[in-house]
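Note sheet for the following structure.
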Amino acid sequence: MSTPIAAHIDSVSVRSDTNAALPADRVDGLTDASLSEPADFVETNYLGGSGYKSRVQTLKDTSADLSGHFMQDDAPQSILRDARDTGSTVYVTFIFDPSAAVGTKGKRIPMVVTSFDEKLTPGGVVEFSCKLLGNGAPVAV
């Protein structure tokens, strides 16, 4: 029987190139991360069929949301802010199981940053939230 995998929020890394993620590439201050991998489907019905819709998968997509404490000097957060301004591709690595074999630990996904927002709450710390969209196929790491 399978067992759940503990979440390792410190295992999300960002680079501006395709090199393997290093410990310095981990997003500092990260408190929440989500990855979505939806797929598009088209209907393949024909007259005289069963009367029920049938579908076939076409394109797949990825998106991610990252949020946490804003760190002015954190290099990965700076890469995300710069990519928002320039439209350049960043490479986000999600490690789901650090103890797994190479090729099954997680995914590295080319993405574009659609927003990077800062939230200032009086009496609190500055927080950030970042939305990303996939810009190519994930690679197993």
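The values are calculated or read from the model by the stated rules, or taken from the named source; none is laboratory data. From a predicted model like this one, the values you see are computed outputs, not experimental measurements. We place every Cβ from the backbone using ideal geometry, glycine too, and count neighbours over all the protein chains shown.
Is there any pair linking a residue in segment 119-141 that is within 17 Å of residue 67 (Cα to Cα) and in contact (Cβ under 8 Å) with a residue 60 or more places away in the chain to one that is part of a loop (DSSP other than H, G, I, E, B) and hydroxyl-bearing (Ser, Thr, Tyr), with Cβ under 8 Å and at least six apart or on different chains, and which?
127/121; 133/62
Within segment 38-55, can one find any residue that is of a type outside the set (A, V, I, L, M) and under 15 Å from the mean Cα position of the chain (by Cα)?
yes
Quick one: how many residues across segment 90-135 are over 14 Å from residue 11 (Cα atoms), surrounded by 12 or more Cβ atoms within 10 Å (Cβ to Cβ) and not aliphatic (A, V, I, L, M)?
Final tally of qualifying residues: 12.
Identify all residues within segment 13-25 that are outside any helix (DSSP H, G or I), modelled with pLDDT of 95 or more and not small (Gly, Ala, Ser); write none if there are none.
14, 15, 17
Return the only residue of 63, 129, 67, 115 being under 15 Å from the mean Cα position of the chain (by Cα), modelled with pLDDT of 95 or more and farther than 30 Å from residue 4 by Cβ.
Result: 115 is the single residue among 63, 129, 67, 115 that is under 15 Å from the mean Cα position of the chain (by Cα), modelled with pLDDT of 95 or more and farther than 30 Å from residue 4 by Cβ.
When you look at residue 57, is it buried (at least 16 other Cβ atoms within 10 Å of the Cβ), closer than 24 Å to residue 136 by Cα and not β-branched (Val, Ile, Thr), yes or no?
No, not satisfied.
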